[in-house]
Amino acid sequence: MTSAISSTGIGSGLDINAIVSSLTTSAGAAETNALNRRQTALTAQVSAFGAFSSALATLQATLTTLQDPTKLAGRTATLADTSIATATATATAIAGQYSLQVQNLATAASLASAPVLSANSTIGTGSLSIAVGASSATIVIDSTNNTLAGIVGAINRATNNPGVSASILTTTGGARLVLSGSATGAANAITVTQSGGDGGLAALVYDPAHGITNLTQTQAALDANFTVNGYAATSASNVVSSVIGGVTFNLLKTTAANTPTTLTIGNDTTGAQTSISTFVTALNGLLTSIHSLTGYNAATKSAGPLLGNQTLLSFQNQLSKILGQVNTSIAGGARSLTDLGIAANPQGTYSTNATTLGNALIANVSSIGQLLGGTHGIATQINTLVTGYIQAGGLLDTVNKGLQSGLTDVSKQQAALKARLAIYSASLTEEYNAMDTAVALMKQTQTYLTQAFNTGSGSSSGSTSSSSGLGSGNLSTGA
């Protein structure tokens, strides 16, 4: 009986679960919608500031080259005859032309022994002392490595090897030890002496200072000799960087007598043009992002997630001031972005005139390096501005922490509302179940009374009929 009348809706016939759910939803609808709207807005702002931060980082990445005038102001180095030499130049090189004539290249020493039967031929034991310039090493040769091949291995494995490689040259005449120096220049001649042992190592001695040349010098250690603009110069290496400031050239072969080749140092505008164009592209990407995030699209009647946001608008104002600067301290050459052909257009971005930029770079690339780089350069100022926004603990970091705190607060309020609505739902369910139970009891009582009344009515009718029959009989008898 009890389980029957406590079943939800059994007494009233109502869908209590649906009613309670509807009332609970209705009770929390206003607060739920408000919290959802706030959560959506905060999430959109987090995403928007993330897009802004990404655009700032992209712009900042293009500033590295522009901030350093030595990287921006490149130079080219070109040889008329690239078989004679190749060359490179840094930004410190002065543009101009030079004549280059090479009398001889720098070479490394090379020595060879007299031939023996084979690589396995025994040479001797003792100590070999090999010197290259001021460096030397003493190598012990004993019965385990006294063959030509063993001596080669001992020289190459020596931990204090002074810069000599040993090899075996096998020809029709036999096998020879070849010693090759790794460093060029007259100061890197090779000498070989020996001591102790059985005396067989004497065949490998090369000591011109003492008149002993049992090895044959197949190539002398020489400095390179050349002239630049007719002036004699020498170098221990064929890679020369000390003759022309900012220029390094690699000598490849000698020139014919009285036929110098021409070395031309010019301005390298290609790299600078690419770097500046990349900067303008990133700048336009940032400005477009700011406009999209803070503006209102009348055509679509939609506002950006950061409509009117002062953080972005303040950045844009500061950026515009930097971009519009004119550096009057620059003597000649470009003093502003306009002089480089970079100008603002009606869409709020910047366009670049490649011809104007190229001409400015050719005319005075150092002034452009001064305009963009250095302590007070435009690129340096932009980098400082951007860093203040995106660095750890910077403005955007602070803003993001505030937004995340707001999202956390919304989550807590949503959880609290859910708990309150759960209590409210349970209370409604209890009340409706109580009502349902009461209705069920009323129906039960009604049914009982109805049955009782119907039963009583039937008994009363039977008694009346019996009485009527007797009465009728009595009356009949009496007649």
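Pairs of Cα atoms under 8 Å, at least six residues apart: use those to get the relative contact order of the stretch 74-178, whole percent. This gives 23 percent for the stretch 74-178.
Distance from the C-alpha centroid of the stretch 168-229 to that of the stretch 313-387: 61 Å, rounded to the whole angstrom.
Helices assigned as whole DSSP H runs in the chain whose Cα atoms extend at least 15 Å along their own long axis and whose mean Kyte-Doolittle hydropathy is -0.5 or higher are found at 16-61, 269-294, 310-323, 354-372, 378-390, 395-478. Would you list which aspartates and glutamates come within 15 Å of residue 412, measuring only between C-alpha atoms, while excluding same-chain residues fewer than 8 positions from it? Once the sequence-local aspartates and glutamates are set aside, what remains near residue 412 is 31.
One chain, two ends: residue 317 and residue 94. Fully extended at 0.36 nm per residue, the span grows by 76.3 nm beyond their Cα-Cα distance. The label point for residue 391 and the one for residue 262, both projected 7 Å from the Cα toward the Cβ, are 5.1 nm apart. As a calculated quantity, the FRET efficiency between residue 195 and residue 61 at R0 = 56 Å, using C-beta atoms, amounts to about 0.30. Take every pair of alpha-carbon atoms less than 8 Å apart whose residues are at least six positions apart; their mean separation over the length of the chain yields a relative contact order of 22 percent. The modelled label-to-label distance between residue 169 and residue 253, using points 7 Å beyond Cα along the C-beta direction, is 2.2 nm. First obtain the Kirkwood hydrodynamic radius of the chain from its Cα pairs, then insert it into the Stokes-Einstein equation at 37 °C and 0.692 mPa s, and state the resulting D in µm² per second as a whole number. Result for D is 97 µm²/s. Label-to-label distance for residue 218 and residue 17 is 9.9 nm, based on points extended 7 Å past Cα in the beta-carbon direction.
Values in this text are rule-based calculations from the coordinates and carry no lab data. Small disclaimer: the values here were computed from a predicted structure and weren't measured. Here Cβ is always computed from backbone atoms with ideal geometry, including for glycine, and neighbour counts include all displayed protein chains.
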